[in-house]
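Asker: Pasting a structure here, questions to come.
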Amino acid sequence: MNDVDSDNLTVLRATDAAVAMVSELRAGEDDQESLALWVEVTGSNGNAYTYDMYFQPIADAQPGDWSDEQDDLKIVIPAESIPNMKGAVLDVNSDGGETGMVIVNPNQPPTMGSPAMAGPPVDLSGDVAQRVLQVLEAQINPSIAAHGGRADLVAVEDDAAYLRLSGGCAGCGMAAVTLSQGIEVALRDSVPEITRVIDVTDHASGTNPYYEAAKK
């Protein structure tokens with residue numbers, strides 16, 4: 001099947017592991033050969049989109065929807081979700097012994113009423129940025145989510161990754177330590193092109209830190 005999006009960009013790419021998992025789930029459905037995996041944006045939660053994934057006949061796709069076939073897996077993105085998912089990757093993530101699917105999306109919901117952030121203009125389309133996003137979603141965010149925190153990539157410029165921390169990480173007294181000793185080490189190990197990680201979070205507006213500053 002062909003992309004229907006005008007710029008012919010792959011809206012969602014599924015990794016081999018994701019294709020295998022989805023295909024196994026689809027095998028339990030009636031008339032499985034007619035079914036596609038539909039993925040649509042349903043809203044947002046903080047700095048990330050939320051999604052709904054379900055099986056529905058490929059024949060239900062409408063003009064303007066994006067569709068593709070990857071290793072016998074048919075994928076459909078409804079037209080209204082296309083602008084918010086261009087360049088996304090569907091992958092499998094194992095955390096705490098549980099395996100599930102994760103969407104690594106270079107796009108972020110617009111932030112209404114938030115102060116302007118420091119750093120360069122947003123650009124998450126390059127190969128380095130995509131690999132940074134994968135490390136954040138597969139390794140870093142599952143770890144700090146246990147403490148109510150999240151790290152989002154704002155931009156990549158030269159050898160620097162610009163991150164915005166949210167949830168428990170925003171306003172956290174130990175955010176600098178978390179960034180330098182945890183996040184930066186993981187990113188530099190996995191993405192050698194990155195040698196600096198720069199925090200552009202507005203910590204003054206952060207609440208609910210999951211670490212308390214050391215008492216003197």
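The values are calculated or read from the model by the stated rules, or taken from the named source; none is laboratory data. Since the structure is predicted, the reported quantities are computational estimates derived from the model, not experimental observations. Neighbour counts are summed over all protein chains in view; Cβ atoms, including those assigned to glycine, are modelled from backbone coordinates with ideal geometry.
Asker: Among the listed residues 65, 95, 60, identify the single one that is at pLDDT below 85 and charged (D, E, K, R).
Answerer: Testing whether each residue is at pLDDT below 85 and charged (D, E, K, R) leaves just 95.
Asker: Within region 25-50, can you find the residues that are among the charged types (D, E, K, R) and in a strand (DSSP E or B)?
Answerer: 40, the sole residue that qualifies.
Asker: Where the second residue is of a type outside the set (D, E, K, R) and assigned to a helix (DSSP H, G or I) and the first is within 17 Å of residue 56 (Cα to Cα) and lies in region 15-29, which pairs have Cβ atoms under 6 Å and are six or more apart or on separate chains?
Answerer: Pairs found: 26/32.
Asker: Would you be able to tell me the number of residues in region 76-92 that are surrounded by fewer than 18 Cβ atoms within 10 Å (Cβ to Cβ), more than 17 Å from residue 44 (Cβ to Cβ) and either within 18 Å of the chain's Cα centre (by Cα) or modelled with pLDDT under 90 (or both)?
Answerer: So the answer is 0.
Asker: Go through (1) over 14 Å from the mean Cα position of the chain (by Cα); (2) buried (at least 19 other Cβ atoms within 10 Å of the Cβ); (3) closer than 29 Å to residue 82 by Cβ; (4) modelled with pLDDT under 80 one by one and return the number of the condition residue 119 breaks.
Answerer: Exception for residue 119: condition (2).
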